[in-house]
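The structure under discussion appears below in the form of structure tokens.
What follows is calculated from the coordinates using simple rules that are stated; it is not laboratory data. Here the structure is a predicted model, which is why all the values come from computation and not from measurement. Cβ: placed from backbone, ideal geometry, glycine included. Neighbour counts: every protein chain shown.
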Amino acid sequence: MPNIDKKANEVFGGRVVRKDLVRQVKAGALVPVFVLEYLLGKYCATDNPVAIEVGVVLLNSTLVDSFASPNEATKMQSLVRERGKHTLIDKVKVRYLSADDKYWAELVGFGHRYVHIPERYIREYDRLLTGGIWAQMEIVHQYDETAKGTRSPFYIADLRPIQIANFDLDEYCRGRGQFTDDEWIDLLVRSIGLEPTGMTRRLKLQYLVRLIPLCEGNYNLIELGPRATGKSYAYQQLSPYTILLTGPTTVANLFYNMATNRIGLVGLWDAVGFDEVADLEKMPKEVVTTLKTYCESGTFARGREVLTGGASVAMFGNTDQPVEVMVQSSHLFVPMPEVIREDMAFLDRLHYYLPGWEIPKVQTADLTEHYGFIVDYLAAACHELRRQNFVEQFDRYFSFGAHLNARDERAVRKTLAGLIKLIYPHEVPSREAMAELVGLAMEGRRRVKEQLKKMGSFEYYRTSFSYIDRETREEWYVGVPEEGGRSLISTDPLSPGSVYTASVDEQGRASLYRLEVGCSSGTGKMRIGGGTNSAMRDSIQRAFAYLQGHKVEMGIGQAFDTTDYYVEAIDLLTNNVASEAGTALVVAINSALRKTPVLPGLLVLGDLTIQGNLRPVRSLSEPLQMAMDNGARKALIPIENKRNFLDVSADIMERVDPVFYGDPVTAATKALGIA
């Protein structure tokens with residue numbers, strides 16, 4: 001038996017099971033996986049092949065004789081009546097009826113809502129009153145003609161839970177302490193049925209992020225990615241505390257039913273999953289607006305009441321395009337339904353965007369044959385850990401960088417708390433371990449903010465997420481793989497006639513273009529490429545008119561008059577935001593005629609009138625932030641914008657050098673490095 005398997009059986013005997021046996025038995029059984037795994041842990045917790053074979057036979061025999069199927073409920077009731085007693089495997093729920101002053105058990109598969117149950121079981125297994133448990137029971141038929149009130153001939157004579165009815169968190173944490181970090185992570189990954197051998201550390205942690213809603217209350221997760229990667233598996237098979245919605249729902253079902261005065265799903269379950277987030281499009285608008293409020297604070301209003309719920313929200317959806325296409329052409333929320341795709345207030349409430357495109361499709365070879373936790377035991381651990389508060393663990397070693405606002409910090413704290421609960425429930429992680437988890441937590445939140453920034457809102461431009469070591473004061477920046485390394489602004493020299501330019505519109509949306517000027521022999525005429533927006537076209541034409549009147553002053557008179565120009569503007573962000581590119585055209589034409597490239601990594605800002613008067617950009621923060629994120633090293637800036645530098649963050653000023661100019665001639669000479 002491999003070392004981890006042996007250790008798992010020694011430390012958690014009866015609470016681990018061989019996962020390949022689960023698949024073998026599941027093929028012919030209709031009971032939930034967590035029931036099968038519990039029984040397998042009881043009968044097959046060994047590496048002896050003979051004992052395992054006997055255990056599987058006993059398990060199958062037990063299921064055939066005892067499993068109560070809803071479509072055979074009447075037959076099972078008749079069997080109990082004829083035999084007088086029978087052993088059942090069924091889900092049992094208990095409710096108190098004040099009219100009878102009595103607890104009644106409901107057996108779901110057996111199809112009976114009035115079964116007598118001794119009160120000692122209710123005191124011993126409190127989950128009977130909060131959703132119910134699966135159990136092996138001895139049912140007795142005994143009709144009492146003298147009974148008053150509601151009558152029933154069925155009695156529970158004996159009840160043995162086959163879910164974890166009582167969970168000892170201290171025992172669980174002590175067991176965790178006997179594993180190394182790597183061993184424990186591998187055990188958790190095997191517990192969800194996958195084999196971690198050959199996986200990268202990053203992929204293992206991403207699988208664990210899927211479990212955060214199970215152990216962290218009021219946590220909002222979204223995962224968009226290809227089909228068949230197991231996005232919703234945890235919410236179908238891993239936990240009896242979660243529910244997966246596979247179609248539209250209502251406010252009454254999800255939050256609160258005012259007609260019956262009953263709380264909805266968010267008050268009954270640990271996590272509510274939306275299998276196809278596109279189904280939100282089919283739901284009443286009130287569902288989305290109420291969900292938006294709930295995702296922010298865990299509260300919602302129904303009638304005159306303000307109610308609370310503890311359920312986390314997990315949304316899953318499929319992508320139809322490669323991530324590279326989505327990043328270049330739009331944003332990563334495109335697969336979302338229209339009702340929330342552009343609702344930035346709703347999207348900003350998401351704590352983590354899990355990049356589903358990084359998770360491979362599940363193949364048979366990816367499934368483990370080793371031991372993992374019985375999923376009901378792992379689910380009970382996650383359920384119990386929800387009561388623990390680890391959100392302040394971040395402050396032990398680190399502080400947040402300047403770009404994280406209060407909502408960002410809360411998202412990172414909750415993600416970090418969830419990961420600590422899963423991996424380090426027994427102790428405070430080391431500084432190095434904490435840094436790894438903080439980086440992952442910040443990445444998922446930054447992915448949300450990057451999309452909001454691309455959607456064009458000024459308030460989301462601060463996305464340079466970082467954390468600071470409290471001891472060394474060293475600051476670490478966290479990027480997102482699909483955005484980082486795009487290098488839209490090349491640090492290599494461009495061809496003569498090419499220049500990067502940017503602007504910001506009235507809504508605070510930044511643009512980024514590469515302006516390219518092609519030259520051919522002619523008579524000094526200019527043609528602008530198709531697709532250029534009208535504002536940019538006007539800006540280019542004004543600048544060209546200025547050049548026609550000042551070509552001699554610039555020292556390009558003869559060359560200017562014997563050349564025709566073709567100007568093309570390439571929208572690098574593909575966000576269709578207009579740009580004022582007058583100064584950029586002056587620089588580009590000078591570069592083309594002198595056959596001299598502009599300085600590497602240079603971004604040109606500013607516009608000019610037909611007489612050459614400078615027109616500063618509306619704001620420096622947005623275009624310089626965008627420039628820094630995309631690799632710019634220098635920015636050519638109108639002198640009139642110098643006062644705006646008070647609004648620019650320190651990290652931008654450290655990474656992008658400002659070069660000021662007071663007139664178009666100076667702009668051209670400084671851009672070409674010939675000043």
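The figures follow:
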quantity	calculated
5 Å binning of all Cα-Cα separations within segment 282-423, expressed as whole percents from 0 upward	2, 7, 12, 15, 16, 18, 15, 10, 4, 1, 0
Exposure proxy ranking, count of Cβ atoms within 10 Å, fewest first, for Met455, Met76, Met536	Met455, Met76, Met536
Protection proxy ranking, peptides 587-598, 554-565, average beta carbon neighbours within 10 Å, highest first	587-598, 554-565
Label selected from (1) 51, 29, 26; (2) 64, 25, 21; (3) 45, 32, 26, the criterion being semi-axes √(5λ) of the Cα gyration tensor in Å as computed here	(2)
Relative contact order for segment 70-161, counting Cα pairs under 8 Å that sit 6 or more residues apart, in percent	30 percent
Relative contact order of the chain, defined on C-alpha pairs under 8 angstrom at six or more residues apart (%)	11 percent
Cα-based shape type of segment 70-161, given that a ≥ b ≥ c are square roots of the gyration tensor eigenvalues and the cut on a/c is 1.5	oblate
Two-decimal Rg to Rh for segment 341-397 - Kirkwood Rh, Cα set	1.10
Antiparallel %, DSSP beta bridges [both residues in the chain], to 5	65 percent
Helix 406-423 axis, angle to the chain major axis (alpha carbon atoms, nearest 10°)	40 degrees
Peptide ranges 600-609, 654-663 listed from the most packed, as the mean C-beta count within 10 angstrom indicates	600-609, 654-663
Percentage relative contact order, segment 611-675, counting C-alpha pairs under 8 Å, at least six apart	38 percent
Orphan Cys of the chain, criterion: no other Cys C-beta under 4.7 Å	Cys44, Cys173, Cys295, Cys519
Restricting segment 525-614 to GluC sites (Glu not before Pro) in coil, as DSSP defines it, with at most 14 other Cβ within 10 Å	Glu553
Efficiency of FRET from Cβ geometry, Gln178 and Asp20, R₀ 22 Å, rounded to 0.05	0.35
Cα-based reach from Lys670 at 26 Å (exclusive), listing lysines while leaving out same-chain residues under 8 positions away	Lys525, Lys551, Lys595, Lys634, Lys642
Hits among aspartates and glutamates - C-alpha to C-alpha of Lys282 under 18 Å, sequence gap 8 or more where chains match	Glu338, Glu342, Asp343
Per-residue [θ]222 nm for the chain (sum of -39500 (n - 2.57) over DSSP H runs n ≥ 4, rounded to 500)	-10500 deg cm²/dmol
Surface/4 estimate of mean projected area, convex hull on alpha-carbon atoms of segment 388-477, nm²	5.7 nm²
For segment 536-590 versus segment 362-415, the gap between their alpha-carbon centres in whole angstrom	53 Å
In segment 189-263, trypsin sites (Lys or Arg not before Pro) in a DSSP loop with at most 16 other beta-carbon atoms within 10 Å	Arg227
Subset of Lys204/Lys414; Lys361/Lys421; Lys42/Lys204 violating a 23 Å alpha-carbon distance limit	Lys361/Lys421; Lys42/Lys204
Cβ-Cβ FRET estimate between Arg201 and Glu138, R0 fixed at 60 Å, reported to 0.05	0.80
